[in-house]
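A.B. asks: Sharing a structure here in structure tokens format.
The values are calculated or read from the model by the stated rules, or taken from the named source; none is laboratory data. These numbers come from a predicted model, not from an experiment. Here the Cβ positions follow ideal geometry from the backbone for every residue, glycine too, while neighbour counts run over all protein chains shown. Accessible surface areas use protein heavy atoms only, side chains included; no ligands, DNA or RNA. Shrake-Rupley method; radii C 1.70, N 1.55, O 1.52, S 1.80 Å.
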Amino acid sequence: SSSSTALRSRSGRSIINGNWAIDRPGRYEGGGTMFTYKRPNEISSTAGESFLADGPTNEVLDVYMIHQQPNPGIHYEYIIPGDNVISPQLLAHRRPGEPLNGQLGMRESTNHEDEDLHKETDTLTGQSAGTFPVIQPGRFPSHQPENQAPAVQPPRQNREHNWKQIGKTECTTTCGKGSQYPVFHCVNRITHEEVSESYCDSSTKPIPEEEACNLFPCPAFWDIGEWSECSKTCGLGMQHRQILCRQMYANRTLTVQQYRCHHLEKPETTSTCQLKICSEWQIKTEWTSCSVPCGVGQRTRDVKCVSNLGDIVDDEECNMKLRPNDIENCDMGPCAKSWFLTEWSDRCSAECGDGVRTRSVVCMTNHVSSLPLEGCGNNRPFETTPCNNGPCAGKVEWFAGCWTQCSTECGSGTQQREVICVRKTEGNFDVLNPYECSYLEKPPSQQSCYLKPCGSKWFHTEWSTCSKSCEGGFRVREVRCLSDDMTASTQCDPQLKPEEKESCNTQDCTPEIDENCKDKYYNCNVVVQARLCVYTYYKTACCASCTRVANRQSGFLGRR
């Protein structure tokens, strides 16, 4: 995760990542030991950060987590001191055959062969060969009976070659205390000429001892921490970072007084930042009509959160405290009690001869609730009226044919049928002008049909207006995947999805030339420079110059 660990002592002294600032990976001293702080590359590695110390610690240290996001976990290991522990340093410097914490018990005895190995005399020069003391593996002294004298070993022959130091390795650092080792080569004892190492006894080769070098301190430098998160998720904010004066010595990076870095320009510790431009509220529609014809109701309007690119985003992207109201009360005045009537029915109750037509009558104060009939008085309008469709002889009526097949194989379609006006006579039908049946309710000649579901399909709105009238703009539309019941679906083929955005009005902008727009004075450039084109007099007197400037500015703004 992007969370970080921090380490400090119980006294409050920060060791790693103190003061809410992130340190660079490196070595930090604290608690009587040296901590190695590692932080993998955040892009190429998924491993978390860590710190490690050989110990031992001489005070209680507290580990904290600088929380940036939910943390998956922390892994830790520690070592408790115990008895009879073999030191790693002792193992590294022990020679073969040496006792180790009393684990290799040997009686002290004298062995002349080993003594010869420690020092050999060159018979040719009469000087010590200077070989290093070596005890070969498997040649430990054997136990002799107390009453038996040690056997005298015959003298070894003088060797012609030995090991000689011919120089040193390069220092591991250029400053701040590094290390180097002597280099030994096999040489001829007399001529000191270098020969192959096979001429010398490898068991007598001296072990190089580490030597310190380049003890002068390294120049101090500014250690720059990482920037903190921006203080704001959108708009202009601030971010901070920790700047420390550091100096390396003996493979340790230490924090020193800042005056040691005065020869260097100190980096900035604060900076402005902007992750993105803040979204804003926009009112998309005017207020709707009041929900009631009288009394107190409500009206609404559409308020959306719009990004700087013009896209509608979630409301959380905008400041909820600044959101305009999208609903409010409306008072349409007191409601009057009155009779509410429907239109008379189109069909007479009798197909021929006398009949009646009907309507609904109700006493109401608004469109929601109704009152008892006595609320509007006793003058209730009639609910029926007489009607007559003519004599029943030679009856006129609509005749409907059979429905055609559904216009689609799946989903919603339509069916057609022929409807004609006829008069029934004895055993026959006469086709009449449709006007003759106009007083009758005509049967529908078209109806919807549905054979089977088609599955999900792509639906889209009409294209919006182009964002620019010239020099290339864009227009958008909304595309949705809907199932047969017109609900959102995810089953549409993505390859068939219509485009949601396209370019438009790519032609160049060409200003219209007005023959009546001319400069009346020779010095209209002075009017433009003095920005007097905003006044009607100068705009007319220097029409051509003012128009060119206006077109140039509008073109510049359009390209921003």
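A.B. asks: Output wanted: per-residue J couplings in Hz (rounded whole) for the stretch 296-309, from phi through Karplus 6.51 cos²θ - 1.76 cosθ + 1.60, θ = phi - 60°, x for Gly and Pro.
C.D. replies: Coupling constants for the stretch 296-309: 9, x, 9, 9, 10, 8, 8, 10, 10, 8, 10, 6, 5, 8 Hz.
A.B. asks: Could you tell me which residue out of Tyr439, Pro453, Cys402 lies farthest along the dipole of the stretch 378-486 toward its positive end? Charges go on the beta carbon: Lys and Arg +1, Asp and Glu -1, centred on the Cα centre.
C.D. replies: Projecting each Cα onto the dipole axis, the largest value belongs to Pro453.
A.B. asks: Could you work out the local net charge near Thr506, counting Lys and Arg as +1, Asp and Glu as -1, over the other residues with Cβ closer than 13 Å to its Cβ?
C.D. replies: Around Thr506, the charge tally is -1.
A.B. asks: Under 5 Å between amide H atoms, partner at least 5 residues away or on a different chain: which partners does Ser445 have, H built in plane at 1.01 Å?
C.D. replies: Long-range HN contacts for Ser445: none found.
A.B. asks: Ok, one more. Roughly speaking, to the nearest percent, how much of the stretch 3-67's 1.4 Å accessible area is carbon and sulfur?
C.D. replies: That share works out to 49 percent.
A.B. asks: Could you pull the accessible area for Tyr259 with a 1.4 Å probe, rounded to 10 Å²?
C.D. replies: 140 Å²
A.B. asks: Please get the size of the charge dipole for the stretch 168-213, origin at its Cα centre, with Cβ charges of +1 on Lys and Arg and -1 on Asp and Glu, quoted in debye to the nearest 20.
C.D. replies: The dipole of the stretch 168-213 has a size of about 100 debye.
A.B. asks: Which cross-chain or sequence-distant (5 or more) residues have an amide H under 5 Å from the amide H of Val195, H modelled 1.01 Å from N in plane?
C.D. replies: Cys186, Val187, Asn188
A.B. asks: Work out from phi, with θ = phi - 60° and the Karplus expression 6.51 cos²θ - 1.76 cosθ + 1.60, the ³J(HN,Hα) of each residue of the stretch 207-222, listed in order in whole Hz, and give x for Gly and Pro.
C.D. replies: 7, x, 9, 5, 10, 6, 8, 6, 6, 5, x, 6, x, 5, 8, 7
A.B. asks: Karplus couplings for the stretch 315-324 from phi (6.51 cos²θ - 1.76 cosθ + 1.60, θ = phi - 60°), rounded to Hz, Gly and Pro as x?
C.D. replies: Calculated HN-Hα couplings, in order: 4, 5, 6, 10, 6, 5, 5, 9, 5, x Hz.
A.B. asks: Assuming R0 = 22 Å, what is the FRET efficiency of Thr487 and Glu409, from their Cβ-Cβ distance, to the nearest 0.05?
C.D. replies: 0.50
A.B. asks: Ranking request for peptides 217-229, 284-296: highest mean number of other beta-carbon atoms within 10 Å first, then the rest in descending order.
C.D. replies: Highest mean packing first, the order is 217-229, 284-296.
A.B. asks: Moving to a separate point now. Taking amide H positions as placed in the peptide plane 1.01 Å from N, state which residues far from Cys509 in sequence (5 or more) or on other chains have amide H under 5 Å from it.
C.D. replies: Glu471
A.B. asks: Along the charge dipole of the stretch 203-358, Cβ charges K/R +1 and D/E -1, which of Phe216, Gly237, Gly310 sits furthest on the positive end?
C.D. replies: With unit charges placed on the Cβ atoms, the residue in question is Phe216.
A.B. asks: Cross-link list Lys38/Lys266; Lys232/Lys468; Lys276/Lys497; Lys38/Lys177: which exceed 27 angstrom alpha carbon to alpha carbon?
C.D. replies: Lys232/Lys468; Lys276/Lys497
A.B. asks: Please compute the net charge surrounding Pro381, taking Lys and Arg as +1 and Asp and Glu as -1 over other residues with Cβ under 14 Å from its Cβ.
C.D. replies: +1
A.B. asks: Here is a follow-up. Net charge within 10 Å of Glu343 by Cβ-Cβ distance, Lys/Arg positive one each and Asp/Glu negative one each, not counting Glu343 itself?
C.D. replies: Taking every Cβ under 10 Å from that of Glu343, the sum is +1.
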